[in-house]
Amino acid sequence: MEYQSIMKSVMEGYFLSVKEVNFVVDCIKNKKFSDSEFVSLLVALQTRNNVKGMSIDESSYFINAFNDEKAKDLENLFCNSGTGGDKIKTINISTIASIIIASLGVKVFKNGSMGTTGGIGAKGALECIGINPLKELDEALEEVRKGGIGYYDFSKIVPIKARPGTPTPLNYLGPLCNPAKLRYKLMGCVNEKFIRIVEPILEKTCENYMITYNPSIDEISLSEPTLIIEKRNGIRKEYFFDPKNEGIPTIRYEEIG
């Protein structure tokens, strides 16, 4: 199997098989693609999806292929992240939230990267508080086992500089591609299309999940209503969180900072 055959298949409108996805992920993990090859593949995948729609099976193959044997002993893991792409340049809220969540006894293994669209990404947020975000997978997993929280930077797998600067499947697949098999996933979206894309993928890959959407930030907002879809213990709910209805004072984004 070769890069050229994968590109030809995608450019002709075909979805990749499990074997082909495993080949692609192996090449990504072992730096067998050049930056230009990687960017070209991302753009080809997005172009095909724009024309034909997205394959839930192909997306789930990618997520499962990124699972690592080293993490197979870890259970009941939680990860929160966002797709990015928001027009309000916020701090990296999910990283701060993950520390608070872990302090409550939830075992957290978060994946993330440097900021590509916001003011700062998970990598930068951790650096600001004196934590090295670029630890090897073994070390990050050991932190989960001993301390209940760990972080693995996606740039250890996917070269951040090799991005086309436009939306690609990496925007929604990246936050879902955790080295460990997650039981709980919380994911924020600012693209309404993404929330409908992400849910069926999570349905195939994660037992419990919550997806949020509002058009300004990839978080639950105190400035405007947020659509929430959650599945917990087999029960799915879809509803809006509106701070006004909860008796919570609303605040304009311009007032934050």
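What is the one condition in (1) at pLDDT below 90; (2) assigned to a strand (DSSP E or B) that Gly115 does not satisfy?
Of everything listed in (1) at pLDDT below 90; (2) assigned to a strand (DSSP E or B), Gly115 misses just condition (2).
State which residue is modelled with the lowest pLDDT when the search covers only the stretch 160-192 and only residues that are among the aliphatic types (A, V, I, L, M) and in a loop (DSSP other than H, G, I, E, B). Walk me through it before giving the result.
Step one: of the stretch 160-192, the residues among the aliphatic types (A, V, I, L, M) are 160, 162, 170, 173, 176, 180, 182, 186-187, 190.
Subsequent filtering for residues that are in a loop (DSSP other than H, G, I, E, B) retains 160, 162, 180, 182, 190.
Values: Ile160: 59, Ala162: 63, Ala180: 93, Leu182: 93, Val190: 85.
For the stretch 160-192, the residue satisfying everything is Ile160.
Just one of the numbered conditions (1) under 14 Å from the mean Cα position of the chain (by Cα); (2) surrounded by fewer than 17 Cβ atoms within 10 Å (Cβ to Cβ) is not true of Lys244; which one?
Exception for Lys244: condition (1).
For Asn22, are the conditions met, namely being outside the structural domain of Tyr184 (by TED's automatic domain parsing), of a type outside the set (Lys, Arg) and out of contact with any Leu (no Cβ under 8 Å at 6 or more places or on another chain)? Lay out the reasoning, then the answer.
On the way: outside the structural domain of Tyr184 (by TED's automatic domain parsing): yes; of a type outside the set (Lys, Arg): yes; out of contact with any Leu (no Cβ under 8 Å at 6 or more places or on another chain): yes.
Yes: the conditions hold for Asn22.
Report, by residue number, each residue of the stretch 130-158 that is modelled with pLDDT under 85 and aromatic (Phe, Trp, Tyr). Write out each step before concluding.
Looking only at the stretch 130-158, we keep the residues that are modelled with pLDDT under 85, and these are 130-134, 154-158.
Residue satisfying the conditions is Phe154 alone.
Can you name the number of the only condition in (1) closer than 30 Å to Val18 by Cβ; (2) at pLDDT below 80; (3) surrounded by 17 or more Cβ atoms within 10 Å (Cβ to Cβ) that Glu58 fails?
(2)
Anything in the stretch 37-72 that is free of Cβ contacts under 8 Å to residues at least 12 places away in the same chain and either among the charged types (D, E, K, R) or more than 20 Å from Arg196 (Cβ to Cβ) (or both)? List them, or say none.
Of everything in the stretch 37-72, just one residue is free of Cβ contacts under 8 Å to residues at least 12 places away in the same chain and either among the charged types (D, E, K, R) or more than 20 Å from Arg196 (Cβ to Cβ) (or both), namely Glu69.
Please pick out the residue among Glu143, Glu203, Glu230 that is farther than 25 Å from Ile28 by Cβ, assigned by TED's automatic domain parsing to the domain that holds Phe78 and of a type in the set (Asp, Glu).
Details: Glu143 fails: farther than 25 Å from Ile28 by Cβ; Glu203 fails: farther than 25 Å from Ile28 by Cβ.
The unique qualifying residue is Glu230.
Sort through Ile157, Ile217, Ile229, Ile197 and tell me the only one that's under 13 Å from the mean Cα position of the chain (by Cα) and buried (at least 16 other Cβ atoms within 10 Å of the Cβ).
Details: Ile157 fails: under 13 Å from the mean Cα position of the chain (by Cα); Ile217 fails: under 13 Å from the mean Cα position of the chain (by Cα); Ile229 fails: under 13 Å from the mean Cα position of the chain (by Cα).
Selected residue: Ile197, the only one of Ile157, Ile217, Ile229, Ile197 that is under 13 Å from the mean Cα position of the chain (by Cα) and buried (at least 16 other Cβ atoms within 10 Å of the Cβ).
The values are calculated or read from the model by the stated rules, or taken from the named source; none is laboratory data. Bear in mind the structure is a predicted one, so any value in this text is a computation, not a measurement. Note that each Cβ is placed from the backbone with ideal geometry, even for glycine, and that neighbours are counted across all protein chains shown.
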